[in-house]
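Presented below is the structure to which this report refers.
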Amino acid sequence: MSIGILTSGGDAPGMNAAVRAAFRCLKMRDPDCEIVFFRDGFRGLARRLDSSSDRNVDRRAVRDIIHRGGTFIGTGRVPELLLPPEGHASYAERVAARDDFLKVAAINLYQMRVDNLIVIGGDGSFRGARIIGEAFRQHFPRRPFRVIGIPGTIDNDLHGTEYSIGYDTALNNVVDAIRKLRDTIESHRRAIILEVMGNTSGWLALQSAIAGGAAVVAIPEVEETWDHDRIVRSLDAGVRRDYRYFIIVVAEGVRRRAGEDWCEGLKHKLESDRAIESHLGHPMEVRINSVGHIARGGSPTALDNTLAGLLGSGAADVAQIGGLEGQPLVEGDVMVGCRGPRTILTGLDEVIDRSPRLVTRDSELYQLSQRLMLSAEQPF
C-alpha cells in the first residue's frame, strides 16, 4: 500500500518542512514504503495521475526544501467540493460536478493503492478531505483508507492544536511590518490603520498587536473592539498624554462584519475629531495600510519548522503504526496537533465540528490586550 501527501488551501510557511518530516520518518521506519506526492492540492487527486502526482519519490525530492516558504508541491482550492444552498439555480449542476470529482479522486486513490492520505491544511481543507474519505469508503468499502490531517494555517484557528504551521512566521512578518511603519508615523505624529489577515478569527491581529505595541486592536469576534467612538476616545486620551503615534491593528474580518468601509470610516472620524485636533493643534493624519499576503511569505521561522517536524513525524506514526508512539491506537480520520511540545490526536470530525477556534472575551490574550493597550480610562 502507498501513503499519499498533499498540501491544500492557503499556503503556510513550514508546509515544506512538514512534507519533509513525514517523508523522512516514513522511510526511516520502512525504506520500501511507497510515498506519493499529489500536486496542487485536491486537484491533483482528480487529474491524469502521470501529470499530477509523483509516485514513489525518493529523498532527492525533499532535499533543500526545509528553508523555503510556500509549498513545493503546490496547493489550491477546489470549488467543486463546495455546494451552494439547496434551491440555488445551479445546485443540481454543482452536485453532479462534485460527484464526478469525488468519483475520479476515489478511483485514482484506489488505483494507486493509497490507504493513508496526509493532508496539510486548515479547516476548509479538512472538510474537503472528509468528503473525499467518505467518497472513497462508499465506492470501495472493503479497502482501508484513512485521512491524517496536519494543521497548516496562518490563522491558528483549528480546534485540537495550540499552534498550526505557518502562524509563527506570519506573526513575525506582521510584527516586522508594524515596527517598520512605526518609524515613519512617529516622525510625522500620525496614526495608522493596519489591516492583517484573519477573515473569521482574530488571533493573528490580536497577538501581533500585543507583540508590536499597538495602541488599539479590532477583531471580528468582539464587537466592541470595532466601535469607532470607543477607538476615537482612546486615541484622544493618548493625544492628551502626548503619545506621538498610534497603531491600530484590524483583522480583515472586521470589514465583513462591520462594513467594507470600516477603515475609511474610522479614518474620517479620527481626522475630523475636534477634541483630538484641539490637543494636537491640527487635524490628525491617518493612513491605511494592509499587510496582506506578505504575511504568508518568506522562510519559515525556527518555531514553525520545529512544529512542522513534530507534526509530520506524528503523521508518519499514525500512517504506519495506527497511532502516536506511546499512545493508544485511534480509529478513523484524525488530525495530529500539539499541546505544548507533545503531539496529540483528535478525530477529524471533532476538529471540523469545533472549528474555527475563535477569540473570546475571556481568552487570556484578549484580556492581556485590554491591560496593555491604550484606553480612555487608563489613569496614567
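The values are calculated or read from the model by the stated rules, or taken from the named source; none is laboratory data. As the structure is a computational prediction, the values presented were derived from the model and not from experiment. FYI the Cβ positions are ideal-geometry reconstructions off the backbone, even for glycines, and counts take in every protein chain you see. Note: accessible area is taken over every heavy atom of the protein model, side chains too, but ligands, DNA and RNA are not part of it. Shrake-Rupley method; radii C 1.70, N 1.55, O 1.52, S 1.80 Å.
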Of all the residues that make up segment 156-203, how many are closer than 25 Å to Arg257 by Cβ and not hydroxyl-bearing (Ser, Thr, Tyr)? 24
Please verify whether segment 230-241 includes one or more residues that are in a loop (DSSP other than H, G, I, E, B), within 20 Å of Gln370 (Cα to Cα) and not aromatic (Phe, Trp, Tyr). yes
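Per-residue answers, yes or no, for (1) closer than 22 Å to Ile132 by Cα; (2) of a type outside the set (Gly, Ala, Ser); (3) touching a Gly at 6+ places or on another chain (Cβ under 9 Å):
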position: Leu6; (1), (2), (3): yes, yes, yes
position: Val19; (1), (2), (3): yes, yes, yes
position: Arg39; (1), (2), (3): yes, yes, yes
position: Ser53; (1), (2), (3): yes, no, yes
position: Ile65; (1), (2), (3): no, yes, no
position: Arg68; (1), (2), (3): no, yes, no
position: Thr71; (1), (2), (3): yes, yes, yes
position: Val78; (1), (2), (3): yes, yes, yes
Residue hits (segment 81-118; closer than 13 Å to Phe136 by Cβ and in contact with a strand residue (DSSP E or B) (Cβ under 9 Å, 6 or more places away or on another chain)) are Asn108, Leu109, Met112, Arg113, Val114, Asp115, Asn116, Leu117
Sole miss for Ser313 among (1) polar (S, T, N, Q); (2) outside any helix (DSSP H, G or I); (3) open to solvent by less than 50 Å² (accessible area, probe 1.4 Å); (4) in contact with a Lys or Arg (Cβ under 9 Å, 6 or more places away or on another chain) is condition (2)
Considering only segment 12-45, state which residues are open to solvent by 10 Å² or more (accessible area, probe 1.4 Å), over 14 Å from Leu117 (Cα atoms) and assigned to a loop (DSSP other than H, G, I, E, B). Asp30, Pro31, Asp32, Asp40
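Residue-by-condition table, conditions (1) open to solvent by 10 Å² or more (accessible area, probe 1.4 Å); (2) in contact with a Leu (Cβ under 8 Å, 6 or more places away or on another chain):
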{"position": "Gly198", "(1), (2)": "no, yes"}
{"position": "Pro220", "(1), (2)": "no, no"}
{"position": "Leu235", "(1), (2)": "no, yes"}
{"position": "Gly238", "(1), (2)": "no, yes"}
{"position": "Arg244", "(1), (2)": "yes, no"}
{"position": "Val249", "(1), (2)": "no, yes"}
{"position": "His268", "(1), (2)": "yes, no"}
Pair list, Cβ under 9 Å, 6 or more apart: segment 264-286 residue in contact (Cβ under 8 Å) with a residue 40 or more places away in the chain, other residue of a type in the set (Phe, Trp, Tyr) and surrounded by 14 or more Cβ atoms within 10 Å (Cβ to Cβ): Leu266/Trp226; Leu270/Phe246; Met284/Phe246; Val286/Phe246
Looking only at segment 183-199, decide whether some residue is part of a strand (DSSP E or B), modelled with pLDDT of 95 or more, farther than 15 Å from Leu365 by Cβ and of a type in the set (Gly, Ala, Ser). yes
Go over the candidates Arg142, Arg189, Arg182 one by one and state the one that is open to solvent by 40 Å² or more (accessible area, probe 1.4 Å) and in contact with a Lys or Arg (Cβ under 6 Å, 6 or more places away or on another chain). Arg189
So Ala105 passes all but one of these: (1) in contact (Cβ under 8 Å) with a residue 24 or more places away in the chain; (2) open to solvent by 30 Å² or more (accessible area, probe 1.4 Å); (3) in a helix (DSSP H, G or I). Which condition number does it fail? (2)
So, Thr360, is that one part of a loop (DSSP other than H, G, I, E, B) and over 16 Å from Leu26 (Cβ atoms) or not? yes
Looking at Thr225, is it closer than 25 Å to Ile120 by Cβ, among the hydroxyl-bearing types (Ser, Thr, Tyr) and in contact with a Gly (Cβ under 9 Å, 6 or more places away or on another chain)? no
Give the residue, chosen from Gly309, Gly298, that is under 23 Å from Leu194 (Cβ atoms) and in contact (Cβ under 8 Å) with a residue 40 or more places away in the chain. Gly298
Is at least one residue of segment 208-217 touching a Phe, Trp or Tyr at 6+ places or on another chain (Cβ under 9 Å) and surrounded by fewer than 20 Cβ atoms within 10 Å (Cβ to Cβ)? no
Being part of a strand (DSSP E or B), modelled with pLDDT of 95 or more and either under 22 Å from Gly166 (Cα atoms) or open to solvent by 30 Å² or more (accessible area, probe 1.4 Å) (or both), is that true of even one residue in segment 290-307? yes
